[in-house]
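The values are calculated or read from the model by the stated rules, or taken from the named source; none is laboratory data. Predicted, not measured: the structure shown is a model, and the values here were computed from it. Here the Cβ positions follow ideal geometry from the backbone for every residue, glycine too, while neighbour counts run over all protein chains shown. Just the protein is used for accessible areas: all its heavy atoms, side chains included, with ligands, DNA and RNA removed. Shrake-Rupley method; radii C 1.70, N 1.55, O 1.52, S 1.80 Å.
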Amino acid sequence: MLWATAGVATLGFLIALEIAARRYTGQPGPLTNQAREVIFPPKPGPLYAGLALMMVVLTWRQRFIAAGAAIGIDIVFVVVRWAVGVEVPEDHFFGNGALWVMLGCAVIAVTRRTGAERVLLLKGVGLGLLLVAGRKAGDTWLLITSKTRPMVLDPYVATADHALGNPSWVAGRILRATAPIGTHVLDLVYAQLAVAAIVVALYQLRRVAVERRFPRHHLVRTFLVIGLVGPAIYMIFPVVGPIFTYGPGTSGTGGLQWAVADLWPHTPPPLTAPHPVLYDDITPRNCMPSLHTAWATAIFIHSRKGPRLLRFAGAFWLTATLGATLGFGYHYGVDLIAGVVFTLTIETALRSLDRGWDRSGLQLVAYGTTVFAALLVSYRYLPVEMAEHPWVFGPLLVLAMTSVIYGYVRTTKLWEPKAAPVPQPEPQPELA
């Protein structure tokens, strides 16, 4: 019933998003874009990532067959497109095969499987397709934010960021000083965040095919919820980022004609009374909170129970992602603090949902939600006071985030199952 309810709710959300996309942007939504990829050239990464997640429910023999079928179908599509002279966008040559295999497995589950095996295979297919649909939904959300939120609140966030010492400006200068090595490494980490998530998720789901059931909680659920809930905050608090508002922007979006001033990363913005500013209808308002920080935090959390190499990779990815979001000018420092609180609150809610709500879970979710709301309110209505008293508000921001981290660690530690004590042999009487 839980899976069925979640499926119906997800379908309803995607339909609503499809309608909103057509109404506000005049563009097709996630359902239409997903259906197009059955035939038209898709972006291969999300589809093959979804296929990899689906294959956790298959045996090794079935995995080889599924992967071979996907590659074979893609080769046929490539040959046919080449033969008829179809122009294909760059990096969109493959991917149809992965989608066809996932859909084929759904048909097999309905027609050839019964009972628990049917449910397990449908769960695997649903997980893979949900990952792909989540990516489509996120893209649609971003398009809606750019079309429906012409005014952005960057001056408020930039002013509040004075309380932290303008970390984006500092990181931007450091990153430029380490170019080209530093920029290449952080760009790779920033762009391949989904790959790190898939690696951690596959480790967590590695025993599904043997145990014939999914674990109660795993990274994919947190990742999807962050991606679906986060853009709603973008609508409430539209921000485009320092490189767009105080710099030259990037290729295809923004630019000096929309910037408040060309200051990033050399000159911190002056301390003046902030006000909303008009921006273009292309650049996504995807800055507050930083979802890259939120996702990297989720990867770090879920890698803690893995082997040493996975734990090291999770810590590295979080550190490098924080450096990239600031150093490339995509986020302010206060965005990152909001992103961490946002993730820990969602992670607590999902874990509480799995294990059953209790007082500790309810308290932590309520506390995290309160802190997150207080952060947004302070950024919007107290930025000047924060900038004028950095030695007061800077530590307070860090303390607020740290308090949520401490509450999460303390609460989840209490939730961990206690190891059963090893029984000690009773002393046996000996003959004197």
From the set of residues in segment 165-206 that are of a type in the set (Gly, Ala, Ser) and open to solvent by 40 Å² or more (accessible area, probe 1.4 Å), which is nearest to Trp295 (Cα to Cα)? Ala194
Could you identify the single residue in Ile198, Ile243 that is in a helix (DSSP H, G or I) and more than 30 Å from Ala52 (Cα to Cα)? Ile243
Matching residues, segment 344-367, being of a type in the set (A, V, I, L, M) and either open to solvent by 100 Å² or more (accessible area, probe 1.4 Å) or over 18 Å from Thr297 (Cα atoms) (or both): Leu353, Leu362, Ala366
Number of positions in segment 363-420 that are farther than 17 Å from Pro155 by Cβ, touching a residue at least 60 places away in the same chain (Cβ under 8 Å) and part of a loop (DSSP other than H, G, I, E, B): 1
Scan segment 38-45 and tell me whether some residue there is modelled with pLDDT under 80, under 20 Å from Val220 (Cβ atoms), part of a helix (DSSP H, G or I) and open to solvent by less than 40 Å² (accessible area, probe 1.4 Å). yes
Suppose we filter Pro276, Pro289, Pro268 for residues that are within 20 Å of Leu376 (Cβ to Cβ) and either modelled with pLDDT of 95 or more or touching a helix residue (DSSP H, G or I) at 6+ places or on another chain (Cβ under 7 Å) (or both); which single one remains? Pro289
Is it the case that some residue within segment 255-267 is open to solvent by 10 Å² or more (accessible area, probe 1.4 Å), in contact (Cβ under 8 Å) with a residue 40 or more places away in the chain and assigned to a helix (DSSP H, G or I)? no
From Val110, Val80, residue being among the β-branched types (Val, Ile, Thr), within 25 Å of Phe13 (Cβ to Cβ), open to solvent by 30 Å² or more (accessible area, probe 1.4 Å) and modelled with pLDDT of 85 or more: Val110
Working carefully through the options Ala133, Ala106, find the one that is over 30 Å from Ala387 (Cβ atoms), part of a helix (DSSP H, G or I), of a type in the set (Gly, Ala, Ser) and free of Cβ contacts under 8 Å to residues at least 40 places away in the same chain. Ala106
Within segment 216-235, residues part of a loop (DSSP other than H, G, I, E, B) and open to solvent by less than 40 Å² (accessible area, probe 1.4 Å) come out as His217, His218
His331 passes all but one of (1) within 30 Å of Leu186 (Cβ to Cβ); (2) assigned to a helix (DSSP H, G or I); (3) of a type outside the set (Val, Ile, Thr); which number fails? (2)
How many of the residues in segment 363-395 are aliphatic (A, V, I, L, M) and over 26 Å from Ala232 (Cβ atoms)? 3
Of the residues that make up segment 92-100, is at least one open to solvent by 40 Å² or more (accessible area, probe 1.4 Å), under 30 Å from Gly230 (Cβ atoms), without any contact (Cβ under 8 Å) to a residue 60 or more places away in the chain and not hydroxyl-bearing (Ser, Thr, Tyr)? yes
May I ask you to say which residue of Arg311, Arg304 is assigned to a helix (DSSP H, G or I), surrounded by fewer than 21 Cβ atoms within 10 Å (Cβ to Cβ) and either modelled with pLDDT under 95 or acidic (Asp, Glu) (or both)? Arg311
Would you confirm, using the coordinates I've provided, whether Leu120 is under 23 Å from Leu14 (Cβ atoms) and either open to solvent by 50 Å² or more (accessible area, probe 1.4 Å) or part of a helix (DSSP H, G or I) (or both)? no
If you take the residues of segment 321-336 that are among the hydrophobic types (A, V, I, L, M, F, W, C) and open to solvent by 10 Å² or more (accessible area, probe 1.4 Å), which of them is nearest to Lys305 (Cα to Cα)? Leu322
Looking at (1) of a type in the set (S, T, N, Q); (2) surrounded by 12 or more Cβ atoms within 10 Å (Cβ to Cβ); (3) in contact (Cβ under 8 Å) with a residue 40 or more places away in the chain, which is the only condition Gln62 fails? (3)
How about segment 64-101: which of its residues are outside any helix (DSSP H, G or I) and touching a Leu at 6+ places or on another chain (Cβ under 6 Å)? Gly95
